[in-house]
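Structure first, commentary second.
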Amino acid sequence: VQFSTIEATLVKNEPPKKIVPEKTLEKSPPAKPKPEKKPEKVAEKPAEKPQEKLPEPAPEPVPSPSAEMASSAAEVPAVVEEKVAETQTDEAPIAAGEDEEKKPAYQYVETRFDVYTDIEAKKNRAVAGSAEMVYQTQENGARYQITNKVSPKGLAAIFIPDLLQTSEGAIDTQGLQPVDYLYKFGDKKNKTYAAHFDWQAKTLTLHNAKGTQTKTLEAGVQDILSFMYQFMFAAPLNSMHLTLTNGKKLSEYDYTFEGEEVLETKLGNINTVHIAHDASEKEEKTELWLATEYRYLPVKIRKTEKDKVYEMLANSIKTDVGVLNAQPQNASN
């Protein structure tokens with residue numbers, strides 16, 4: 001009974017139990033901030049980062065950029081419109097395979113040409129004159145007007161007077177419907193012709209120095225000037241049988257496809273479709289090179305008459321879309 005060693009050992013075990021948790025609790029928190037060597041400051045810094053730094057920048061940028069973004073968003077359409085207007089000043093060629101017939105016709109076309117009389121020459125041709133052809137719509141696209149002026153210069157001006165052609169009329173679902181056409185070659189009365197289209201009465205009245213004559217007017221008849229821009233509404237190879245008037249007579253023409261050509265011009269190389277009518281038993285022949293990538297605008301015109309031949313080659317084209325600049329290619333004229 002005297003050996004109560006068990007109680008002695010129990011007393012010794014109680015104090016270490018209290019000491020161990022106290023030391024471990026004190027050592028565990030400072031073990032985390034050991035790299036900074038200051039447990040108190042390290043504990044304060046993480047508390048400041050989530051509470052003070054994160055919420056403070058969040059409310060400050062949110063209101064200010066929201067107001068700025070709202071104002072800038074309101075300004076974006078105006079900036080986009082300005083950029084679109086700038087990009088439209090130079091119209092790029094249509095990509096290969098894109099259907100040109102689906103594109104709307106131009107509302108305004110101003111084409112300037114160099115005029116040549118030495119047709120056979122391929123290089124270093126002398127410019128014999130200049131020409132300007134302007135197509136424009138009126139009354140919100142319900143009507144059109146075309147003016148063509150050819151002015152020779154140098155020695156050519158001595159033998160060839162100025163040429164003026166005008167055509168005006170309506171625009172319907174089929175394209176141009178001429179009402180009045182005028183052809184005036186200098187001041188010569190015998191070289192002045194006029195045509196009046198009465199679509200309701202279906203009559204065509206021709207005026208010249210010899211008098212007046214009336215013809216039956218059928219659907220689709222064009223004058224010699226309006227038909228050059230009719231291809232904006234109907235592709236050239238769709239219908240190659242045309243009825244045209246030059247003011248002095250009404251004739252039927254069967255145009256033929258002469259091939260595809262790349263013209264070398266001052267505004268670049270242009271892909272074209274070359275069409276012409278058979279000159280046999282005709283007083284004159286008209287050949288056209290139509291730009292396939294620019295709504296079939298006439299960019300080269302060659303007139304062959306009884307005693308003269310002249311050619312017009314475009315050097316500048318401006319439209320309501322912008323200035324046309326062709327892309328360089330391997331060209332042959």
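The values are calculated or read from the model by the stated rules, or taken from the named source; none is laboratory data. From a predicted model like this one, the values you see are computed outputs, not experimental measurements. Cβ sites come from the backbone with ideal geometry, for glycine too, and all protein chains shown count toward neighbours. Note: accessible area is taken over every heavy atom of the protein model, side chains too, but ligands, DNA and RNA are not part of it. Shrake-Rupley method; radii C 1.70, N 1.55, O 1.52, S 1.80 Å.
Worth pointing out:
- Anisotropy class of the stretch 199-302 from Cα gyration tensor, a/c 1.5 cut: prolate
- The GluC sites (Glu not before Pro) of the stretch 226-316 that meet both conditions, a loop assignment by DSSP and at most 10 other Cβ atoms within 10 Å of the site Cβ, are Glu281.
- Among the trypsin sites (Lys or Arg not before Pro) found in the stretch 229-280, those both in a DSSP coil and sparsely packed, with 15 or fewer other Cβ atoms within 10 Å of their Cβ, are Lys249, Lys266.
- The distance linking the stretch 287-322 with the stretch 107-132 is 9 Å (Cα centroid to Cα centroid, whole angstrom).
- Rolling a 1.4 Å probe over the protein heavy atoms leaves Asp180 with an accessible area of roughly 60 Å².
- FRET efficiency, 1/(1 + (r/R0)^6) with R0 51 Å, evaluated for Ala201 and Ile119 via beta carbons: 0.75
- Extension gain from Glu258 to Thr212, taking 0.36 nm per residue of separation minus the Cα-Cα distance: 12.9 nm
- Pairwise Cα inverse-distance average, inverted: Kirkwood Rh of the stretch 150-218 (Å): 13.7 Å
- Ranking of Phe257, Phe113 by solvent-accessible surface, largest first: Phe257, Phe113 (1.4 Å probe, protein heavy atoms only, all chains present).
- Where Asp223, Asp172 fall by accessible area, highest first, once all protein chains stay in place (1.4 Å): Asp172, Asp223
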